[in-house]
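Q: What follows is a structure written as structure tokens; I'll ask about it next.
Coordinate-derived values only; no laboratory data. Since the structure is predicted, the reported quantities are computational estimates derived from the model, not experimental observations. We place every Cβ from the backbone using ideal geometry, glycine too, and count neighbours over all the protein chains shown.
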Amino acid sequence: MMTKRKKTMTRRERVIAAMEHREPDRVPLSMSITIDAYNNLKRYLDLELEEDLRPGRWTEVSIHPLVAEKFGLDIIWLPTGKPQKKPRQSEDPDKWYDGWGVEWTKIPLPNGGYYNEMTDPPLKNATIDDLEDFDWPDPYDPGIVEGVREHYRHIHNDTEFAILTKFGGAVFEQAWYLRGMERFLLDMAENEEFVAALLKKIAKIQMGIDEVLIEAAGEYVDVLRLSGEDMGTQKNPIISLPMFRRMVRPHLERLWAYAKEMLQKKNPKAKIMLHSCGAIRPFISDWIDMKLDVLDPIQPLAKGMDPFELKAEFGEKLTFHGGIDAQHVLPFGTIEEVREHTRKFIKALAPRGGYICAPVHNVQRDVSPENLIAMRDAVEEFGYYPIDC
């Protein structure tokens, strides 16, 4: 039988200690989740709440503080406001456009529910001259900050949760959303002038969004996620390290430095996080040099992402967030397999602090509440310091 250990820190204190590479009382727990998995979890926890759930691009939803508390999370992810300017509308009920003009299509899943897939990049045929006339998002749209300060202040003052959020979004990834991945990768090989102009424009907009939201609520933010800059497939990086350094790094470096400096003026303990899936190990040293604090998601089945090796090589300078496999173990593993998998990542990444346990991506519909509870229970069983598992 699992012996219940005594907690000596608040949830927020636990997260801050881990990110400062101090050993907290217990490894912090974090999670993002899609709408169907969230509703399943609420039913399992016997929680009936009236919520206005508004799924994001990847069908992810915000977790209510009561659900987060009962489940045992230490971090809560908070949304931002919606721009007042309405995006283009589609006549097809299964298609919609985001604020950048990218068309998305709802794709039914075999076991019910749906996922959104990009189906029409608006700049697929654009030239460099066309970038001036494109209908770009307005980072100073007042809707973006509407209600944000009040909501963040409430969570900060009235709960113990550390607050994680995303303000501005991707630069590299947003470029291939707008251009189409194949076309943009060809641009990087054949049309560097276009790539530079596109990345510069995107970075300026993302910097503006960071500016207004940090000004509105930065003092309440503990972790600012610098969006998803997915740079890896399962086996290899999407682009070479020299290509990254020449074309992408300058834009990200300016954006990250700006966001971090502005955020830490509001909250000196706040950290910046990068989400980048796949086999991204070749970039990690550069990201540390670019003053990254937290790396997510540590995809365990991707090449080069062994947690013991990552901890040995980068653990003194980087906090790891994630690690719990969402491709096989969480959706298809037994409770014992989830327990042992979580134990392995705690053993690998938690010593000397610097680890926040979490699924590697938004929890999907096919992940059972029982397996999520098994992950949570494994953190309670193995995650208390000193780590001895």
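Q: GNM, the chain, Cα, under 10 Å: largest mean-square fluctuation among I346, I128, I373?
A: I128
Q: Compute the Cα gyration tensor for region 129-173, then decide on rounded, prolate or oblate, letting a ≥ b ≥ c be the square roots of its eigenvalues: rounded whenever a/c is under 1.5, prolate when a/b is larger than b/c in the other cases, and oblate in all that remain.
A: oblate
Q: Okay, next question. Give the relative contact order (percent, whole number) for the chain; include only Cα pairs under 8 Å separated by 6+ residues.
A: For the chain, the relative contact order is 21 percent.
Q: Could I ask something else about it? In the calculated pair distance distribution of region 1-127, what percentage of Cα-Cα distances lie above 17 Å?
A: In whole percent, the long-distance tail amounts to 70.
Q: While we're here: In what sequence do C357, C389, C277 fall when counting other Cβ within 10 Å, fewest first?
A: In order of increasing Cβ crowding within 10 Å: C389, C277, C357.
Q: Continuing with the same structure: Kindly put M305, M243, M181 in sequence by how many other C-beta atoms sit within 10 Å of each C-beta, fewest to most.
A: Least crowded to most crowded, the residues run M181, M243, M305.
Q: In bins 10 Å wide, starting from 0, what share of all Cα pairs of region 99-246 does each bin hold, as a percent?
A: Calculated over all Cα pairs of region 99-246, the distribution is 9, 32, 32, 22, 5, 0 percent.
Q: Counting only the backbone N, which residues of region 77-103 are under 12 Å from the spot 7 Å out from the Cα of T119 toward its beta-carbon?
A: What the label zone holds, given the 12 Å backbone N cut-off, is 90-97, 103.
Q: If you don't mind, another one. Which of these, E182, E313, E370, has the largest mean-square fluctuation under a Gaussian network model of the chain (Cα springs below 10 Å)?
A: The residue with the greatest mean-square fluctuation here is E182.
Q: Further, regarding this structure: For the pairs K42/K166; K204/K344; K201/K235, flag any whose C-alpha to C-alpha distance is greater than 29 Å.
A: K204/K344; K201/K235
Q: Please state the relative contact order of region 18-168 as a whole percent: Cα pairs under 8 Å, 6+ residues apart?
A: 23 percent
Q: Let me ask something additional. Pick from P297, P24, P242: which residue has the top mean-square fluctuation in a GNM of the chain where Cα pairs under 10 Å get a spring?
A: Answer for the Gaussian network model of the chain: P242.
Q: For region 296-389, which chymotrypsin sites (Phe, Trp or Tyr not before Pro) are in a loop by DSSP, counting at most 10 other Cβ atoms within 10 Å?
A: none
Q: Now for a separate question. In the chain, which helices (entire DSSP H runs) extend 24 Å or more along their own long axis, judged by Cα positions, while averaging at least 0.0 on the Kyte-Doolittle scale?
A: Those that clear 24 Å and a mean of 0.0 are 192-217.
Q: Binning at 10 angstrom from zero up to the longest distance, how are the C-alpha pair distances of the chain distributed in percent?
A: 5, 23, 34, 27, 10, 1, 0
Q: Could I have the simple spin-label model distance between L49 and K70, label points 7 Å from Cα toward Cβ, reported in nm to one decimal?
A: 0.9 nm
Q: Short version: ³J(HN,Hα) in whole Hz for each residue of region 90-98, in order, from phi by Karplus 6.51 cos²θ - 1.76 cosθ + 1.60 (θ = phi - 60°), x for Gly and Pro, what are they?
A: Result, rounded to whole Hz: 9, 6, 8, x, 9, 10, 8, 10, 8.
Q: Next question. Sorting Y140, Y114 on the 10 Å Cβ count, fewest up front, what's the list?
A: The fewest-first ordering by Cβ neighbours comes to Y140, Y114.
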